[in-house]
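Every read-out reported here was derived from the displayed coordinates using simple, explicitly stated rules and does not represent laboratory data. Since this is a predicted model, take the numbers as computed values, not measurements. Don't worry about glycine lacking a Cβ; one is built from the backbone with ideal geometry, like all the others, and counts go over all protein chains shown.
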Amino acid sequence: MKTKQLIRLSAFVLAAVLFVLANNVIAQKKPGPWNVPAKYKTMKGKGDVAAGKELFAKHCKSCHGAKGLGDGPKAAGLKTTCGDFSNSDFHKASDGEIYYMAIIGRDEMPNYEKKIPEEEDRWALVAFIRSLKK
Amino acid sequence: MKIIYSFLLLCIFCIPITVVSQETETTDATEQETGPDNRPAKPAFESGLLFDQQTANMQQKNTLEFIIQHRFGTVEDGIRNLYGIWGSSNIRLGLNYTILKNVMVGLGTTKFKKAQDLQVKYNILQQTRSNSIPVSLTFYGNVQIDCQYKVDDTLNVGKDYTFADRLSYFSQLIITRRFNNQLSLQIAPSFTHYNWMMADTVNSSTEDAIAWEHDKIGLSAGIRYKISPQTSFIATVDWPLKIKGIVEYKDFINPPKPNYCIGAEICTSTHAFHLWFGTSQAILPQEIMMWNQNDFFNKQFLIGLNVTRLWNF
């Protein structure tokens, strides 16, 4: 009797876990296009890739993954996918657009204006993201 | 006195290091072209805490910081007490808010002594990238209210024990230098004062001091070495100094012992995690400077944890 109950309980727990995982995967959608204000589109700046790598590890890696593939440990818990920074389509965006997406953010992508207050650091981050292109 | 001499020697050695680093960094080609870069240097530490110590780190204005500080019991009982994890622990929950660019205020509550505390941190000077100001200078001060229920005959507090007797104060000047991206150092002289101390009497027969001091001058030092963008090794020490010139009684009985800590820090965008082996189970700095009787080299150390969370407004 006890064994049967244990099997039922295990089956229930397994089903619940699978349901949550499946729901999570199904619910995750691709991000829509960004509406980047015109003043950001034309912005340009120079940044130190090494400094950007350090900032990326601290602020971005947990979602975007160490190589920007969108496979960080927090990525699966988001409603939208993180995107792949190694993809050449992503790099069609201008530097200013990447700056806007990385620093200003929207929805699940947080605003980093206060966490990365210096322009020099922001452009370093953009430079590192650019370096992830394959 | 040996510690004072050590401190003076340390200061003497620090000055040439500062001068040498100034020379090295100002030879940077970019600086020669565009003039000295007098912007503030990047923070020397990732968080406002360095295990048991405070740092000069000031979060952005309008940032709220929630802090959980946890100290397990000492490891001396070994596996019987799972190296202190099953032992009596001390916990503090705190909230800090940066009200101005260079001023932070905070409050907290601690398990030991049911202590409530208020604190303030004021960044007086900020190290610059050109080394025109070679160090950061920050004042940290707090007041602790001991909220234990004190019955006359149990703690011998006397009938004239008032609210003011529950107060203790800690003031510290934190001198910090970020040498490079990896290495940062801080030295912080401090003054602790307790309005009331336990059994503050003198043995009438021998006239020897058997009491605790009301005041204590201390010296803290901390070093951080970053091994990856998120991980650093940290070592700190808090020395309660034995200065005979300011002693209230004839001799020191049960002088507090130094608090040594060694461990690691992991920082993310909004969190800081500290995990270390340290001597003192107390959390507030005046408690460490005045009361620590654990001896690091006699297996009287424990596991400490800090977790911080930031919100920007």
Does any residue of segment A:36-53 turn out to be buried (at least 16 other Cβ atoms within 10 Å of the Cβ) and without any contact (Cβ under 8 Å) to a residue 40 or more places away in the chain? no
Go through segment B:239-276 and give me each residue that's away from chain A (no Cβ under 14 Å), surrounded by 17 or more Cβ atoms within 10 Å (Cβ to Cβ) and assigned to a strand (DSSP E or B). B:Trp239, B:Pro240, B:Asn259, B:Tyr260, B:Cys261, B:Gly263, B:His274, B:Trp276
Within segment B:104-137, restricting attention to residues that are of a type in the set (Val, Ile, Thr) and in contact (Cβ under 8 Å) with a residue 24 or more places away in the chain, which residue is nearest to B:His271 (Cα to Cα)? B:Thr110
Given the options B:Asn38, B:Asn90, name the one that is in contact with a His (Cβ under 8 Å, 6 or more places away or on another chain) and in contact (Cβ under 8 Å) with a residue 40 or more places away in the chain. B:Asn90
Hand me the list of helices (runs of 4 or more DSSP H) wholly inside segment A:1-109 holding 1 or more residues that are closer than 26 Å to A:Ala127 by Cβ and away from chain B (no Cβ under 14 Å). A:38-41, A:95-99
